[in-house]
Structures are given as structure tokens and as C-alpha cells.
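Below you'll find the structure, written out as C-alpha cells, and then a few comments.
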Amino acid sequence: MPDNTRLGQIDHIVVLMEENRSFDHMLGFLYTGRQTPSGKPFEGLTGQESVPGDSGRVTVFPIDRTTPDAYFMPGADPREGYAPTNSQLFGTPTPSVPAPAATMDGFVAGFADALQYDSQKHRPIYPGTKPENIMGCFTPEALPVLSGLARGYAVCDHWYSSAPTETLPNRAFALAGTSLGRMDDNVRGIPIPFDTPSIFGLLEKNSVDWAIYSDGKLLTRHDFPDTQQADQRHFGSFTDFERAAGTGTLPRGFTFLEPDWSPTTGNDQHPNYDVAAGEQLIHDVYYTLRNGPNWNRTLLVVTYDEHGGCYDHVAPPSGAVPPDDSQGEFGFDFTRFGVRVPAVLVSPLIEPGTVFRVDGTTPLDHTSLLKTIEQRWKLPPLTRRDEAAPGIGEVLTLDQPRTDDPLDGVAVPTSSGNNPARGTTSHLDTVCEALAAQHLSSA
């Protein structure tokens with residue numbers, strides 16, 4: 001299908017993918033009354049949503065700056081693998097096939113199980129954390145950077161993770177259009193690269209430039225054969241990203257940004273790490289691009305790989321196109337999407353206050369990133385999933401770039417309290433080290 005959007009005016013597609021937060025948890029209170037001030041529909045929270053708990057229904061509640069230990073909420077890792085996600089959506093880890101409509105009623109019970117599991121494994125839990133914490137959702141005032149960009153540019157209120165499971169399969173969908181049937185971060189307990197072409201190799205083959213920058217340990221560098229074999233010039237630190245954007249040498253193509261995965265210095269916002277640190281990272285990425293010479297031809301996407309066990313009230317849709325003929329782990333058939341996640345689109349060609357969603361039966365998901373890149377540079381699809389995905393080029397509606405700054409005067413929040421996860425080794429730190437060791441041993 002021909003691209004009739006303004007994507008041709010974009011030379012730099014930049015994606016920052018954070019960790020493990022749902023849409024309602026981060027942006028559900030963005031607009032009141034489920035509509036924008038101009039009357040556009042918005043699939044947010046009314047404040048009356050509730051799920052069963054041990055002592056009756058538990059209602060969503062706002063996390064604001066005065067909430068004790070706000071930026072460490074919900075206070076522990078709620079768990080996000082395939083079985084826990086099923087329990088959150090259906091009330092059972094093994095729903096029937098095809099799955100029934102999700103009730104979205106299992107979040108408090110699921111968090112209670114996670115707290116018991118974390119306690120048994122001596123994993124960090126913030127003091128005073130209760131199962132009801134999982135129903136906490138941030139107010140715009142608590143997340144002024146993410147919310148300011150969502151209001152000032154565009155928010156996607158129907159963007160779903162690609163599979164109802166955890167980090168690595170969803171990141172594989174975002175960058176390769178498939179997880180090769182995997183629904184777990186590990187294969188028999190070991191992190192294994194995805195032996196499939198990625199968007200980076202496709203770009204390289206078609207002479208379109210790309211780069212991966214990380215504020216910590218590089219993950220994607222070791223995750224696909226074509227990134228493992230790529231020249232070192234495609235990889236760098238966050239300082240390298242700032243230098244390239246500031247001097248106008250950011251790739252004319254695709255830039256993928258990874259946060260710092262560490263609980264001690266991390267800004268990936270994985271529960272229960274410091275959400276305020278992620279606000280600082282989003283702020284820094286935005287201003288690095290905005291203050292660079294190529295801002296008017298840049299599209300920034302801020303999203304999250306999966307929901308991380310955090311509450312969302314919208315049942316994920318079915319009708320997903322299986323990416324290939326891989327046999328799904330745990331019997332999953334890849335015909336339903338994962339839980340809704342935040343996705344904020346930023347460009348001076350976007351009208352403020354935009355709520356972007358697509359018409360039709362196939363919603364936005366992580367493979368929409370691939371589709372947009374493919375549309376912009378006229379590339380073939382990687383899999384059947386990104387071939388079927390809608391792109392996001394239609395969000396660009398302005399003829400002339402805006403010059404206003406929606407974050408003008410916004411102060412980045414800071415956390416208070418003492419995160420018990422500080423000093424521990426994160427799951428993704430371990431994954432990065434294991435993948436890097438395998439890469440080096442096979443080089």
C-alpha cells in the first residue's frame with residue numbers, strides 16, 4: 001500500500017524503549033472524563049475501575065507527588081512472564097485455546113502471588129508494599145515529562161505489546177517482527193540470541209544508516225546475528241548519542257535507544273526501580289533531539305516493551321497475525337496481542353493534544369515501529385506480523401514544524417526514599433552479560 005503520509009519529511013526515526021509499565025499505570029489519568037479538552041476520545045481511566053481483592057473490590061487510585069515513595073511504586077516486581085500475565089488477564093495461568101475475553105480481574109491476586117514469591121526468593125520489596133499497590137496509577141503531575149510530551153504531541157491509547165509475556169520476546173517483535181516462538185526470556189534457563197534477521201540488517205542491506213545507543217550495557221548488540229556481525233560504528237553510549245544528535249550526525253535512518261538496566265544507576269523504570277530517573281532520561285532524550293540541527297526532520301517514539309504486571313483495564317485484542325510458522329512456546333499461537341503499554345509520539349509535525357489510534361481490526365503494536373521504518377525507506381517486511389501492522393506516519397499532520405516547547409518550565413521529578421533494589425543485580429544486567437559472553441565466545 002502506498003505511503004501517503006508526511007513520513008517523507010522524516011529523516012530520523014528514534015525509539016526509546018523503557019521497561020515493564022502498562023498504559024493505565026503511567027498515562028491512564030492523562031485526561032479526565034475519557035476525552036481531551038477538545039473533546040477527542042481517550043481510552044483512559046474514570047477512577048472507578050476495580051478488580052477483586054481478598055476483602056472485596058480494589059479500586060484504582062492516583063499516585064501523585066505526595067504519595068509516600070511514589071517513584072518506587074508498586075513496590076516490587078509484579079512478574080510479567082506468560083503464566084503470570086495469563087493470571088492477570090484471565091484469572092488462570094492456563095486459559096483455554098482460543099482464549100476467552102480477558103476479564104482483567106487478576107492483578108491484585110497476581111501481585112499477592114508475586115510478593116509471596118519475591119519474599120521466598122529474598123528479592124527486594126519496598127517496605128509496606130501491599131497487593132493493592134498494583135492498582136496505583138500515576139497522575140500527570142507526578143510524571144510531568146512523559147505526560148507533558150503525551151499532551152504536547154501525541155499519545156497512542158491503543159498500542160499493545162506484541163505478545164502477552166515478558167521483555168526479550170517483545171523486544172524481538174519490536175526489532176525483528178518475531179520471537180521465533182519464544183515466550184520466555186530464557187531457553188532452558190539460558191539467554192539465547194534470536195537467530196533471525198532484524199531491522200538493522202534489513203537497513204544495512206538497503207544502505208540506510210542505523211545506530212544503537214545505550215545508557216548502560218548494550219543488550220540489542222548481542223541479540224541478533226546481524227547486530228552481532230555489524231561494524232562497531234553502529235554502537236555507542238548515551239554520550240555518543242548526545243554528540244551525534246548535537247552535531248547533526250545522527251544516522252539518517254533508525255536510532256534505537258536503550259536505558260540503563262541497573263537497579264543502582266538504572267533509568268529503565270522497571271518495577272521497582274526509580275521511575276523519576278526514567279523521567280530524567282526521557283527529558284534528556286527529548287532535549288538532545290530538540291536542540292539538535294535535525295529536529296524538524298525527527299520522529300521520536302517513547303514506549304515500553306511490556307506491561308510488567310502493572311494494571312490496565314483494556315483487554316488485549318485477538319486477531320494478531322502469527323509472524324511465521326514457529327511453534328509457540330507453552331502452546332501459544334500468537335493470535336492475540338499483549339497488554340496495552342504507553343506510546344508517545346513526538347515531532348514538531350504533530351498537532352498538540354493528539355490521541356493517535358488507527359481504524360480497522362489490527363491495532364498498533366511494537367511491529368508498527370518496523371512498519372513505519374519500512375514505509376519510510378520502502379523496505380520489504382521482515383515477517384507476516386509487520387507486514388500486517390499499521391504504521392504511524394498519519395500522526396504527522398502539520399505542514400510546517402512547530403516552534404513551541406510543551407516542556408518549557410517543566411521540572412523533572414526526583415524520588416525520595418531508599419530503594420531496596422539498589423545494589424542488587426538486575427535480570428537484564430545478567431542477560432546482557434550472558435549474551436555478550438556467548439557473542440565473544442563465538443566470534
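The values are calculated or read from the model by the stated rules, or taken from the named source; none is laboratory data. All values derive from a computational prediction rather than experimental measurement. For neighbour counting, all protein chains shown are included, and Cβ atoms are generated from backbone atoms with ideal geometry for every residue, glycine included.
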Handout entry: Subset of the range 29-69 (residues that are basic (Lys, Arg) and touching a residue at least 12 places away in the same chain (Cβ under 8 Å))
Key = Arg34, Lys40, Arg65
Handout entry: Wholly enclosed helices (runs of 4 or more DSSP H) of the range 149-260 bearing at least 1 residues in contact with a Gly (Cβ under 8 Å, 6 or more places away or on another chain) and within 24 Å of Gln88 (Cα to Cα)
Key = 167-176
Fill in the blank from the handout: Residue hits (the range 103-117; buried (at least 22 other Cβ atoms within 10 Å of the Cβ) and under 23 Å from the mean Cα position of the chain (by Cα)) are Gly106, Phe107, Val108, Gly110, Phe111, Ala114
Practice task
Could you please give the count of residues in the range 112-136 that are among the charged types (D, E, K, R) and out of contact with any Asp or Glu (no Cβ under 9 Å at 6 or more places or on another chain)?
Solution key: 4
Problem - For Gly319: the one exception among (1) modelled with pLDDT under 95; (2) buried (at least 22 other Cβ atoms within 10 Å of the Cβ) - result: (2)
Problem - Verdict on Leu180 being surrounded by fewer than 24 Cβ atoms within 10 Å (Cβ to Cβ), on the phi > 0 side of the Ramachandran plot and aliphatic (A, V, I, L, M) - result: yes
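Filter the range 118-139 for residues that are in a strand (DSSP E or B) and out of contact with any Leu (no Cβ under 7 Å at 6 or more places or on another chain); which is surrounded by the most Cβ atoms within 10 Å (Cβ to Cβ)?
The qualifying residue surrounded by the most Cβ atoms within 10 Å (Cβ to Cβ) is Phe138.
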Handout entry: Entirely in the range 1-68, the strands (runs of 3 or more DSSP E) that have 2 or more residues that are farther than 30 Å from Asp429 by Cα and at pLDDT 95 or above
Key = 50-53, 56-59, 61-63
Handout entry: Single residue of the range 366-381 satisfying the filter (of a type in the set (A, V, I, L, M) and more than 16 Å from Pro323 (Cα to Cα)) that is surrounded by the fewest Cβ atoms within 10 Å (Cβ to Cβ)
Key = Leu379
Completion exercise
Of (1) among the charged types (D, E, K, R); (2) farther than 24 Å from Ala315 by Cα; (3) touching a residue at least 12 places away in the same chain (Cβ under 8 Å), Lys121 fails just (3)
Completion exercise
Among Arg422, Arg402, Arg384, the single one that is modelled with pLDDT of 95 or more, of a type in the set (Lys, Arg), more than 30 Å from Ser179 (Cα to Cα) and surrounded by 14 or more Cβ atoms within 10 Å (Cβ to Cβ) is Arg402
Handout entry: Subset of the range 371-407 (residues that are under 26 Å from Arg336 (Cα atoms), touching a Ser or Thr at 6+ places or on another chain (Cβ under 7 Å) and not in a helix (DSSP H, G or I))
Key = Thr383, Ala389, Pro390, Gly391, Ile392
Problem - Unique residue being in contact with a strand residue (DSSP E or B) (Cβ under 7 Å, 6 or more places away or on another chain) and touching a residue at least 24 places away in the same chain (Cβ under 8 Å) when the list is Phe138, Phe194, Phe173 - result: Phe138
